[in-house]
1. How far is helix 47-56 tilted, in degrees, relative to the longest principal axis of the Cα atoms in the chain, given as a value from 0 to 90 rounded to the nearest 10?
2. Report, to the nearest 10°, how far helix 301-313 tilts away from the longest principal axis of the Cα atoms in the chain, using its own Cα long axis and a range of 0 to 90°.
3. Along the Cα→Cβ direction, 7 angstrom out, place labels at residue 145 and residue 206. What is the inter-label distance in nm?
4. Which of rounded, prolate or oblate describes the stretch 2-58 when judged by the alpha-carbon gyration tensor and an a/c cut-off of 1.5?
5. Exposure proxy check: 200, 159, 190, 1 ranked by fewest other beta carbons within 10 Å?
6. With a bin width of 10 angstrom, please list the P(r) values of the stretch 63-339 as percents of all Cα-Cα pairs, from the 0 bin to the one holding the largest distance.
7. As a check on your grasp of the helix formula, calculate [θ] at 222 nm for the chain: sum -39500 (n - 2.57) over DSSP H runs of n ≥ 4, divide by the residue count, round to the nearest 500.
8. Using the alpha carbons of the stretch 106-218, what is the convex hull volume per residue in cubic angstrom, as a whole number?
Amino acid sequence: MVSIYDIDGIEALRRRHAIQPHRMKLFLNALFKNALGRDEALAMLPEEVRDDVAHQVEFQTLELAERHDSEIDGASKLIFQTSDNHLIESVILRPKTGRTSLCISSQVGCACYCSFCATGKMGFTRNLTVTEILDQVVQASRLVKTEGRSIRNVVFMGMGEPLLNLDHLFHSLEIMRAIPYFNYSGSRLMVSTVGIPHAMVRFVEQFPDVQLALSLHSARQDVRERLMPQARKYSLDQLRESLLEASRHGKVMIEYLMLAGVNDGDEDFHALENYLRDIPVHINIIPFNEYAGCNLRGTARPEREAFANRLKAAGFDTTLRYSFGADIAAACGQLVQHKRGLGDGLG
Ligand code: SF4
């Protein structure tokens, strides 16, 4: 079996079956650019090779187990089942701009244990494979095609820390950018990290045009460590050096989740202002999505707006983010593997 994402393997298969390059191009275009199903794509190949290709190529490994559609903002949460019976989640976002985005997962669970994140409570199970990462994009693309839409942006902001699954992340990004496959430009892709300095530098060296987002959430070391245990491994100074390096390739998105009484005071504002001074960044102020079992509370909207306005007045590009899919637990920090066993039935 050769994975559909194994570029060399697919080329070898093409030669073995003497498939003309333009037929193979039509086949890959059907799958990845036109979001058609496997059989429709196979129909682009000469009839005599279709069965062989169907049996020799692994097209997908995820099964769509559940779909939940928000009643308030058009977000959809897709729950996929892996072949070894784990559940992962992707979220389709349909903002009013019409630019459909997809938030995908990079791991089953997460080893970072951020205190504000439901996924962090699950613990870590394993990295997703390249096929599992890209399958989320393929299946979501097919789904939105039925609505006359296409996926405009893909963000790695679902389950897991993508920079802790670096090899598969890099391979996935290569396929997403590859001309015969998705052919996405770097500006359509974003990777979000809790801040792993050496991996951030490797990432921007390898993919200078892909957007990087850093979940900073505090510029005070003690607060950051409480929110994100991973921060104990790296000082804010180390992180700032990698941030400076990354921002040489373009503005880095700074994610700042606002938590009442935790990171929304005067001291927090000044620490953030000093920390980011003279670094090309765009700051995103994010509301907290409360969930059962978490005792953190979000900062109220007027205070979030005031905090954002102070940042703007201090010269920072700043936006207040609206959070999609809060009613279906699809918003940032709410993605979590269902506790029930798969045998209990899904849907
Ligand atoms: S916020 Fe991201 S890195 Fe932190 S626990 Fe959740 S999934 Fe992991």
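1. 50 degrees
2. Long axis of 301-313 versus the principal axis of the chain: about 90 degrees.
3. Inter-label distance under the simple model: 2.9 nm.
4. Rounded, since a/c falls under 1.5.
5. Fewest to most other Cβ atoms nearby, the residues stand as 1, 190, 200, 159.
6. The percentages, shortest bin first, are 7, 31, 38, 21, 3, 0.
7. -10000 deg cm²/dmol
8. Convex hull of Cα atoms, per residue: 116 Å³.
Read-outs throughout are calculated quantities, based only on the coordinates presented, and are distinct from any laboratory measurement. Note that the coordinates shown come from a computational prediction; the quantities given were computed from them, not determined experimentally. Glycine gets a Cβ as well: all are built from the backbone with ideal geometry, and neighbour counts include every protein chain shown.
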